[in-house]
Each structure stands twice: as C-alpha cells, then as structure tokens.
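Nothing in this text is a laboratory measurement; each read-out follows from the coordinates by a stated rule. Being a predicted model, the structure only gives us computed values, none of them experimental. For neighbour counting, all protein chains shown are included, and Cβ atoms are generated from backbone atoms with ideal geometry for every residue, glycine included.
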Amino acid sequence: MSLNGPLINGKWLETGEKFTSVNPATGEPFAEVFAANGEHVSLAFEAAERSFREWSKLPLSVRLEHFKRLKTVLLDSLEEIAKTIAVEQGKPLTEALLVELLPALDSLDYYIHRAAEHLEPLKVRHWQVLFRDKKAHYRFEPIGVVAVISPWNYPFIIPFLDITAALLTGNTVVFKPSSVTPVVGVRIAELFERAGFPDGTVNLLTGRSDVGQAIVGHESTRVIMFTGSVETGRAIYRMAADGVKKIVLELGGKDPAVVMPDADLKRAVNGILWGAFMNAGQTCASIERVYVHRDIYDDFVEMITELTARLKVGDPLEPSTDIGPMTTASQLQLVKFHVREALEDGAKLLIGGEEFGRGFFYSPAVIVDVNHEMRIMRDETFGPVMPIMKFDSLDEAIALSNDTNYGLTASIWTRDRKTASQFIRMVEAGTVTVNDHVFSFGEPEGAWGGVKFSGIGRTHGRFGLLELVNVKFVSEDYSRGESKLWWYPYDERLLEVAKLAGTSMYSESHSSKLRATMRLMRHAGLLLKKVGIKLLALNPGRFI
C-alpha cells in the first residue's frame, strides 16, 4: 500500500524518499509514505503564513461553518479511520471508536456550541477607582503558525484536537505525525481537505525526527504543541526558549490509583483493569501504580488477577479483542525489561508477562511485592503491566502517590466524600478523578495537562484555547479633560496626595483610612484641576 505524504498549501507531494509504516499485529510493512525534508518544511511554513493572513481575519462564525462540515466528514469516515488506527497502531476497533473517534466528534460539537463563549471579547471593569471612566475588555486573538507534533499511541485524537483548537482560534498549522503512525496523520489531513478548509491552513509533513527538529527550530513557529517523551520535550523546551516560542508539552505520567477500604470493590477492580490495560497500557494517563488498603488487598488482588485472565489479546480487527498488540518492537522490549528487572529485585508475577504471536503481542501482567526502589514503580512503563502495593492509611497513600517525578492524573476509589476531598487537595496532578480513571481526556470541557515532568500548559476546553491566543487587554478613554492626576508636572502636593491615597484606599484600619481621606480633601483643588469634575462621581466607599 503506497500513499501520498506531505500536504503543503493544498497539494499532495511525491518526494524523493519514502519510509515504511509497520502493522504491529504482524510485524510486517503496512504502507510506504513519502518523507518530507528541510525544503518542504520551509514551503509548509510559507503556506501557513500566507493562509494565516486571511484565515485569522475571518469572523469566528465563519470559521465555525468549516468545523460543522468537518464534523459531518468525520462522521462519514469513522469506520475507515478506525480500521486504519487498528492496523497501524494496534488498538482494537471498538477502542479506536470509543477513545479516539467519538471523543473527536464530541469535541467538535463542544467547540461549535461553546467557542463563542470562550473567544468573544470579554468586558471587564477597571478596579482602580481613578480609571473608572475608562472602558476595558479582553480580546483573544490568533498568534500565528502552530506546530503540532504528535505521538503514536493516540495518533488520531491527540493531533486532531490540537489542530482543531489551533484553527478554531484563528491560527494555521504545520502538522507532523509520528513516523510510526504516518498513515493516520494522512487521514487527518484528508479530513480537513475534504471539509473545505482553505489551502495552507493545515500543512502535513510526514517524516522522521529531523523534520520535527526543523519544524521546532523554524523562525515562523509561534506555538509548539508536543506530546511525547520527557527527553524530547526537554529538547523542544530548550529550542523554544531560543526562539521565545510558546509551548504546550504533554510528556507522560506514572499515574496512581488508590483503593480505600470502603470502595465499591467490584467497581474499583473493573475500572482499574480498564485504566491500566486499555490501549495495551500505552496511555500517558494509564494506571501504572495501584495502591490498595491492607484490609482489602488480598480480595482486590484475587479479583483483578481473575479478570485479567479473561481478557482476550489478539487481532485488533476482531470485534471480541480486548487488547491488541503493542505498537512498536522497541516499546515491547522496554516493558519486558521493566518486568524482568522487577522480578529480579523480588517482585512476584501473578499472571501474564508473556510475548507471543508474529507481531508485538504481550499478555497483560499483574505484579505484586513491588516497592518504590524498583524502576517499574518510578519510570513510565507504557505497557500492559499493573504493579500493586498495599498501604495502611490515607496519608501514606497520598505520600506514595506523590513520590514520583510525574503528575498527570490520579484517581481514588472510595465512597467517602471527605476522604476523596483530602486526596483531591493533596495529590500533585493535573487531573484527579474519583471512582474512575483515564476517561477525562475525552471530556471536552476538561483541561488536559500535568505538573512536574508531565509537562507544561493545557489542552482541551476553554483553558486549552487560551494557550493558543494572544490575550490582549484593551482600555478605552473618551472622557473630557486635559490631564490625569498621575501625568506631569510632579510637585510636592502631588507627592503628598500619592502618599495619602495609598492609606486611604488600601489601609485595613478604618480610622487610618478616614484620616487619610479627610486630609486628601484638603487637596481637592489640585485633584479637580488635574483630574476634572468627574472625580466627584467616584464611589466614596472605595476610600472610606
């Protein structure tokens, strides 16, 4: 199967080099894709900059019409794209629909109905009383060309939502999909093309890491949206600093799930099973550490092991498959290394942990007798592995949860609202969920991002949109008067007024405020002369 690669200014290009995409279920080549080079990167940015001049000027209502068409095009393409995801990345068909495609449709629907609320000018009132005759508002304006560099674990939903948010806010895009899943990237670009987005608004550059580096380093890149490894994220951070570019980085997690003794045990087992093994554990918000209270530890471990044994690992195109193959051979080797090292250090494997089949299949593993000295409890494993530890108190569980360099998501499983509230306040994470996990990525209103090594900035919802705009503060003054109190000339009387104003407006002592206000009145002539009669209309309650 041979496909076009780069899409620049509405034209699909055939380049002098190709690279191969692999089917992880078979380990065999899936497709050949044309690779972009440095010249293509320059052409893509030229196209994006040209398109930005027009696209950024369109009213939001006009831009939204494009997204309405995009929703229809995506809805008509669900089955085709789900199969591409299953074959190139390894997700089961049902999972491709549930966690990548339906959330994309939901986000489009959300933006269509809520974008105006988030992006229309926002009126505000000046707080400083001397500025009350001015009118103020915020404008949310496009920044320029946004670089979207996406990973292979969610090759559709992550870049699709990033591109959508960038275009919605009036920016244009240069998009590089992972070299592991380039065909899904091609499918995304085709969607925007079929929906009638103007040439140059979305430019696709298929290729390897050198293309990504050229995109990040290009002088026209104004915002970089990257999802991937900590190591690559750090390198992008350094490059962005040299160009004073805005960045949004999502760099993974080592996410905990805490099971309290009062939890609905069946719900906790079912939810944690899915949260750990969905997408073969290749999710930045996967549950990679499970902490279970000592009182229910044995029951939990028995139940989770029994349900893990029932999971069907196999062909992602088969409707009854629960878990497909891992996406790359290198990631499979890393998972095997983490498990092997943990077992050598004293951990016990209860089930799974076996490689099989022609592709990159690995049976889901449950591991106990682990501790925080082991790599499997410290570093991101990114595979279908569930290590379980016991704890004795909520304080201990919170300390264990925070004992990590990551801080993306965390969950607690309990019926008690006070217990949940304490966990929510004390755990260091970008998202905390109670009695569920992972799902929040699919909620359009839920801001997505983390703390510590999990990244910087947010995507999704209103806060994600604000990452992609220039928040412009505007103040307008059409009042009469030749001068303002704080304008030249300075003199001793103005100095005295400035000193008294501080006490009059900001002192916590009512008597001090009153004395300062009375002394200010002695300078009424100066105030009226410089500021004008409108000063008398100010609310005296701000001074007294």
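Some observations on this one:
- Pairs of lysines in the range 255-442 (C-alpha under 24 Å apart; 8 or more residues apart or interchain): 10
- Sequence-ordered 3J(HN,Hα) estimates for the range 111-122 from the Karplus curve with 6.51, -1.76 and 1.60 and θ = phi - 60° stand at 5, 4, 8, 10, 4, 4, 4, 8, 10, 5, x, 10 Hz, glycine and proline given as x.
- Sorted ascending by nearby beta carbons within 10 Å, beginning with the fewest, Lys135, Lys254 become Lys135, Lys254.
- Förster-model FRET efficiency, 45 Å R0, Glu445 and Leu485, C-beta, rounded to 0.05: 0.55
- The phi torsions of the range 259-273, fed into the Karplus equation with coefficients 6.51, -1.76 and 1.60 and a -60° offset, translate into couplings of 10, 7, x, 8, 5, 6, 5, 5, 4, 4, 5, 5, x, 6, 4 Hz, rounded to whole numbers, with Gly and Pro shown as x.
- A simple spin-label model places the labels of Glu120 and Asn470 2.3 nm from each other, with each point 7 Å out along Cα-to-Cβ.
- Rounded FRET efficiency, nearest 0.05, which uses the C-beta distance separating Arg519 from Ser56 and R0 of 60 Å: 0.70
- If the chain linking Val244 and Arg310 were pulled fully straight, counting 0.36 nm for each residue of separation and taking away their Cα-Cα distance, it would gain 18.6 nm.
- Residue order, fewest to most surrounding Cβ atoms within 10 angstrom, among Ile188, Ile296, Ile388: Ile296, Ile388, Ile188
- Distant-in-sequence amide H partners of Ile351 (H built 1.01 Å from N, under 5 Å): Val366
- Loop-located chymotrypsin sites (Phe, Trp or Tyr not before Pro) in the range 116-200, at most 10 other Cβ atoms within 10 Å (DSSP): Trp127
- Think of it as helices only: each DSSP H run of n ≥ 4 in the chain is worth -39500 (n - 2.57), and spread over all residues that comes to -12500 deg cm²/dmol at 222 nm.
- Taken over the range 225-285, the ratio of Cα radius of gyration to 2.2 N^0.38 Å equals 1.64.
- Zone of Arg194's modelled label, taken as backbone nitrogen in the range 51-90 under 18 Å from a point 7 Å along Cα→Cβ: 66-88
- Spin-label pair Ala498-Ser209: with each label point 7 Å from Cα along the Cα-Cβ axis, the two points sit 5.6 nm from one another.
- Cross-link partners for Lys68 among the lysines, with Cα-Cα distance under 20 Å and sequence neighbours closer than 8 places in the same chain left out: Lys57.
- Of interest is the spacing of the C-alpha centroids, which for the range 108-187 and the range 356-410 amounts to 34 Å.
- Of the trypsin sites (Lys or Arg not before Pro) in the range 169-229, those whose Cβ has at most 16 other Cβ within 10 Å and which sit in DSSP loop: Arg208
- Dividing the Cα radius of gyration of the range 373-488 by 2.2 N^0.38 Å, with N the residue count, gives 1.63.
- Near Met389, the amide H atoms lying under 5 Å from its own belong to Val290, Tyr291, Val292; only residues 5 or more places off or on other chains count, and H is placed 1.01 Å from N.
- Selection of GluC sites (Glu not before Pro), the range 332-398, meeting DSSP coil and at most 16 other Cβ within 10 Å: Glu354, Glu373
- What separates the Cα centres of the range 247-267 and the range 445-503 is a distance of 37 Å.
- log10 of Debye I(q)/I(0), alpha-carbon scatterers only, for the range 186-309 at 0.10 Å⁻¹: -0.55
- Antiparallel DSSP beta bridges within the range 255-442, percent to nearest 5: 20 percent
- Amide H to amide H, with H built 1.01 Å from N, Leu408 comes under 5 Å of Lys254, Gly430, Val451, counting only residues 5 or more places away or on other chains.
- Phi angles across the range 138-150 convert, under the Karplus curve 6.51 cos²θ - 1.76 cosθ + 1.60 with θ = phi - 60°, into 3J(HN,Hα) values of 9, 10, 10, 10, x, 9, x, 8, 9, 8, 10, 10, 10 Hz, Gly and Pro given as x.
- Counting other Cβ atoms within 10 Å as a rough exposure proxy, the listed residues Ser504, Ser363, Ser512 run Ser512, Ser363, Ser504 from fewest neighbours to most.
- Per residue, the convex hull around the alpha carbon atoms of the range 458-521 comes to 189 Å³.
- Calculated log₁₀ intensity ratio I(q)/I(0) where the Debye formula runs over C-alpha points of the chain, q = 0.08, 0.10 Å⁻¹: -0.62, -0.85
- Theoretical FRET efficiency, 1/(1+(r/R0)^6), r = Cβ-Cβ of Tyr110 and Glu373, R0 45 Å, to 0.05: 0.55
- Counting only residues at least eight positions apart within a chain, or on another chain, the lysines with an alpha carbon under 21 Å from that of Lys71 are Lys83.
- Distance from the alpha carbon centroid of the range 295-317 to that of the range 225-246 works out to 38 angstrom.
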